[in-house]
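One structure is given below, encoded as structure tokens.
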Amino acid sequence: MSVASGTKPSGADGGPVLEARGVRKVFRTFERVPGLRGILKNFVAREHVDIAALDGVDLRVERGESVGLIGANGAGKTTLVKILAGIVPASSGEARLLGRDSFDLRDAEKRRLALVMGQKSQLWWDLPPIDSFRLLKEIYGVSDADFAERLARFASMLEVEDRLKIQLRQLSLGQRMKMEIIGAFLHSPEVVFLDEPTIGLDLISRETIRRFLVGLSEQRAVTFVLTSHDLEDIEETCRRIVVLDQGAVAFDGGLTDLSQRVTGKRAVEVHVHPNARVDEEALVAELSRHGAELAGRSAGSLTVIVSAERLAELVPRLFAMLDVKDLSVERQPLERLIREIYRRGIDAAGGGEG
Amino acid sequence: MTAAALRAPTLLLRAVAYEFRKRIQFRAGFFVREVLNGTVEPLVMLFVYTALYGSAAAAAGEGVGTEPVSLGGWTYPEIIQYVAGLVVVRKLIFHSRALDLATEIFEGRVTKYLVMPFRFFVLHQGRFLQFTLLQLAVAALVWCIGYAAAPAYWLVPVSVAATLQAGVLVLMGSYCCFLIFFILNALAFWLDVVWSLLVMAWFVIGFSGGALVPVSQMPAAFYGVLSLGFPYWMITAPIELLMGRLGTGDFLLGAGLVAGQLVALDLLRRWVWRRGLARYVGAGM
């Protein structure tokens, strides 16, 4: 299921902005045999192995969608971004951006595209951001008036007006990333790929960047594809989530759908006296009568997962059965659900498409 | 249409300015890389040639520089002028350390350019142009200092036309060097020994052009072969034009030969770049 939020025309022919059909990507490497004999063997005759980073990915993104691409390390999310953005070719299958083969984009399509890499600077390391922005202005053919207006607006939104003339290498990580984002948006792109844009940033910088992205998404129906290990980034900026697992799509659905599953559950943290005796068998039986499960146990605490509707009936039973010192109720973290998806697949994590 | 046509030269100029800022941001680095570059080898040549001609003069019972002892058609005063010309010419030749493309490929910094609507090569052309403009000024300064210090030995061009012809040949050859170093850097898509290849190529180009020994002083067979390559027309031939040993006919022949090699190298550069991109994995992203 996908959440199509925009109503304006999409790609070149009104089709999807991004499309992947059966995309596979295989990287060829060779196995390094350990030891001296192995080194000599590697030197003379190498045994090549093919590693499939993506294994038949299908994806369709419409104009104005904000898609969060998540997955464990090595799941293939960055490879998919590289293929969709036209940086590397697919081994097989078809990847299209704005109606055209991603690996054969013309300047006309590239002008509508932007890429922000959290771990690689888009801007020129040795120059102050303002110089890089001027170079980007020439590359993208932005008019003087648009350039001045956007630069002033974005710098103000991201609170870096007084840092534009300082050499990039002398800025803090958060300031650099804000500059990267300004650089990416100066030409007013329609499709933006953001690969770990908040990696290593403090809470305030992360929130500022998220606010900026959400604001632009709402104002201009920009299509975002965001990869991040920080699920708060995804929750706050994306309405659709695609989970990749071992090079394949494990879940593709709306954030609201996923959130309902998440918000429909509560994590009850029960603190008990460390020496208190807990009849675990009876407790598990009682929990199951209320549709709950014991998710974690330590000497002084228990974690119970229960649906929101049955929380009220469960809590008095917990007080009755346990020597409760303290009790807190929280929404089940998204991380937990995602972890379940990685571990067992979406069906086991709560049913759904994928 | 007009805006698009204007964008390319504007971008090139912006790239030149950007490269210039990069080069001058560290003063010591600028002095060592841009000003001192290419001055050591001619000094070594001067030392070696003084010893050689001294030995030859001693064998002939004459003093160094007082009699016209000739080795391979070059007398000692001519060789001194050649070395003086070499100091100036070497300043204008794009050198092997002037590009950092291989590092950009290794570290995945090329990725950002691949989604931008322009020819990535323009930035490198900007680097070439910036290098040439800056080195023209440095070369002029070096020539003035040399002439002021030793007017009797320094190379004074025989004519303005010879100076222009020599300049054209040096710059065309320098662009060939630029293309070769770009191609070698682009091999970083496949190899991790680019630095070694660059060092080797720099030596071969220098030697076959006459950076150590004038090509016309080499045995006839070597001269016959090497005079077909652009390095000869980039180093030895321009200096001989400045000295009046070669004329306009030679210039035209050389310009034709170098132009052909320049076109061939550019085609090779495009082919290698396209093949390399198909192998690119965007490391580090």
Per 10 Å bin, what is the whole-percent P(r) computed from every C-alpha pair distance within segment B:68-216?
10, 33, 31, 17, 8, 2, 0
In a Gaussian network model over chain A where Cα atoms closer than 10 Å are linked, find which of A:ILE83, A:ILE241, A:ILE199 has the largest mean-square fluctuation.
A:ILE199
If the viscosity is 0.692 mPa s and the temperature 37 °C, what Stokes-Einstein diffusion coefficient in µm²/s follows for segment B:159-222 when Rh is the Kirkwood radius over Cα pairs?
240 µm²/s
Explain nothing, just the number: relative contact order of chain A, from Cα pairs under 8 Å at least 6 residues apart, as a whole percent.
19 percent
Cα centroid of segment A:250-319 to Cα centroid of segment A:13-42, whole Å
42 Å
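Report, to one decimal in Å, the Kirkwood hydrodynamic radius for chain A based on all distinct Cα pairs.
Working: mean 1/r = 0.0435 Å⁻¹.
Mean inverse Cα-Cα distance, inverted, gives 23.0 Å.
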Which is the longest run of chain A containing none of the trypsin sites (Lys or Arg not before Pro) found in DSSP loop states (not H, G, I, E, B) with at most 10 other C-beta atoms within 10 Å?
A:166-276
Ratio of the Cα radius of gyration of segment B:192-285 to 2.2 N^0.38 Å, where N counts its residues:
1.39
Taking one equal scatterer on every alpha-carbon of chain B, how large is log10 of I(q)/I(0) by Debye at q = 0.07, 0.11, 0.13 1/Å?
-0.30, -0.70, -0.94
Proxy reagent accessibility, fewest Cβ within 10 Å first, across B:TRP195, B:TRP202, B:TRP271:
B:TRP271, B:TRP195, B:TRP202
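Can you tell me the relative contact order of segment B:85-219? Whole percent, Cα pairs under 8 Å, sequence separation 6 or more. Write down the numbers at each step before the final one.
Details: 83 pairs, mean separation 58.0, N = 135.
The normalised contact order for segment B:85-219 reaches 43 percent.
Tally Lys/Arg at +1 and Asp/Glu at -1 over every other residue whose Cβ is under 15 Å from the Cβ of A:LEU302; what's the total? It would help to have the intermediate numbers written out before the result.
Values: positive: A:ARG266, A:ARG277, A:ARG297, A:ARG317, A:LYS325; negative: A:GLU269, A:ASP279, A:GLU280, A:GLU281, A:GLU286, A:GLU293, A:ASP323, A:ASP326, A:GLU330.
Neighbourhood net charge equals -4.
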At q = 0.15, 0.17, 0.20 Å⁻¹, work out log10 I(q)/I(0) for segment B:189-241 with the Debye formula, treating every Cα as an identical point scatterer and leaving solvent out; two decimals please.
-0.44, -0.53, -0.65
Springs between alpha-carbon pairs under 10 angstrom, Gaussian network model over chain B: which of B:ILE239, B:ILE80, B:ILE145 fluctuates most?
B:ILE145
Segment A:176-332: Kirkwood hydrodynamic radius (Cα pairs, Å) comes out at 18.7 Å
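Please compute the Kirkwood hydrodynamic radius of segment A:32-129 from all pairs of different C-alpha atoms, in Å with one decimal. Each step should come with its number before you reach the end.
On the way: mean 1/r = 0.0593 Å⁻¹.
That comes to 16.9 Å for segment A:32-129.
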Anchor A:LYS120: lysines whose Cα lies under 25 Å away (excluding residues fewer than 8 positions away in-chain)
A:LYS25, A:LYS77, A:LYS82, A:LYS110, A:LYS137, A:LYS165, A:LYS178, B:LYS22, B:LYS112
Based on C-alpha coordinates, I'd like the Rg and Dmax of segment A:255-329, in Å.
12.6, 42
For segment B:3-135, projected area of the alpha-carbon convex hull averaged over all directions, nm²
11.8 nm²
Report the equivalent ellipsoid semi-axes for the protein assembly as shown in whole Å, largest first, defined as the square roots of five times the eigenvalues of the gyration tensor built from alpha carbon atoms.
66, 26, 23
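Bear in mind these aren't lab numbers, they're just calculated from the coordinates by the rules spelled out. On a predicted model such as this, the values are computed, not experimentally measured, just so you know. All Cβ positions, glycine included, derive from the backbone under ideal geometry; neighbour counts span all protein chains shown.
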